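To start, the structure itself, in structure tokens.
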Amino acid sequence: MSRLKLITFDLDNTLWPVDEVIRRAERQCRDWISERYPDAAAAMTVARVRDIREQLLREKPGYLHNLTALRRDALAAGFRSAGYCAEESGRLAAQAFDVFHEARNEVVFFPGALEVLETLADSYVLGALTNGNADLKRIGIGDLFAFQHSSESVGRRKPERDMFDAALRSARVRANEAVHVGDHPLEDVDAARRHGFNAVWANLLDQKWPLDLPDHPHHIHNLHELSDLVALLDA
């Protein structure tokens, strides 16, 4: 009798490396603005937009739970600083964000990611839990997942328990029937364990495990290893 029923995955740096994806998406967003609104682009330097985002976070820390709103509102503030009215700034910011978000969902999977997802989806319910704003449907793997919860949809980021509880409700399972796979030692692995899940550290980028966290025995260095490890956890 199978003990595990649900496998949840973090997305960025777990199923694909994200840093270059974000850099490329930001570059395409800046290029879009420069081609159409060069006066705004001159005012919206990389440093200026970064300062705006940091200011917005100081004024409203809740933005940390909604990176889409943070990025879109920072763009709108940038357009306003270039002299555009509030209504026009909001409209242009939404268009610029769409350019960013389309590119943000053009990912290159880690080796083995698609194969292991397809294999595991035959035996387990799969869910996604992310603090980011990747869109599995746009990426093209939404059909492999029963649900996707994010800090935006739930209103709280990992390592808080809200997203993990949402996963259990969606799958109608208990925490000890679930395993979470993620790259972040605190937000994914330690959090999952504290909230009753089994956990697998997907250390695909050769990180160091933090000394201030309890040692974690279940880890992989490539996704091809995951099916065998899940089978051991399910034994």
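The set of residues in the stretch 191-200 that are surrounded by fewer than 24 Cβ atoms within 10 Å (Cβ to Cβ), without any contact (Cβ under 8 Å) to a residue 40 or more places away in the chain and either in a loop (DSSP other than H, G, I, E, B) or not small (G, A, S) (or both) comprises R193, R194, H195, G196. Among the residues of the stretch 32-45, is there at least one that is part of a helix (DSSP H, G or I), open to solvent by less than 70 Å² (accessible area, probe 1.4 Å) and within 30 Å of G112 (Cβ to Cβ)? No - not one qualifying residue is present in the stretch 32-45.
A single entry from L168, L186 fulfils the requirement of being under 25 Å from L205 (Cβ atoms) and part of a helix (DSSP H, G or I): L186.
Filter the stretch 114-146 for residues that are in a helix (DSSP H, G or I) and either within 19 Å of I22 (Cβ to Cβ) or modelled with pLDDT under 95 (or both) and give the result. Before you say what the answer is, go through the steps one by one.
Just the residues of the stretch 114-146 that are in a helix (DSSP H, G or I), to begin with: 114-121, 136-139, 142-144.
Within the stretch 114-146, L136, R138, I139 meet the criteria.
Here D206 fits the description: open to solvent by 10 Å² or more (accessible area, probe 1.4 Å) and at positive phi. A167 meets the conditions (1) surrounded by fewer than 20 Cβ atoms within 10 Å (Cβ to Cβ); (2) among the small types (G, A, S); (3) more than 18 Å from D31 (Cα to Cα) in every case but one. The failed one is (1).
Condition check for L64 on (1) within 19 Å of T130 (Cα to Cα); (2) open to solvent by 60 Å² or more (accessible area, probe 1.4 Å); (3) without any contact (Cβ under 8 Å) to a residue 12 or more places away in the chain: one failure, at (3).
Here is a list: R53, R71, R58, R91. Which entry is open to solvent by less than 50 Å² (accessible area, probe 1.4 Å), of a type in the set (D, E, K, R) and either on the phi < 0 side of the Ramachandran plot or in contact with a His (Cβ under 7 Å, 6 or more places away or on another chain) (or both)? It would help to see each step written out before you state the result.
Details: R53 fails: open to solvent by less than 50 Å² (accessible area, probe 1.4 Å); R58 fails: open to solvent by less than 50 Å² (accessible area, probe 1.4 Å); R91 fails: open to solvent by less than 50 Å² (accessible area, probe 1.4 Å).
Criteria check complete, one pass: R71.
One residue stands out in the stretch 220-233 among those that are more than 19 Å from the chain's Cα centre (by Cα) and crowded, with 17+ Cβ neighbours inside 10 Å: the one that is farthest from I7 (Cα to Cα), namely I220.
The values are calculated or read from the model by the stated rules, or taken from the named source; none is laboratory data. These figures come from a predicted structure and were not determined experimentally. Backbone-built Cβ (ideal geometry, glycine too); neighbour counts: all protein chains shown. Surface areas here come from the heavy atoms of the whole protein model, side chains and all, with no ligands, DNA or RNA. Shrake-Rupley method; radii C 1.70, N 1.55, O 1.52, S 1.80 Å.
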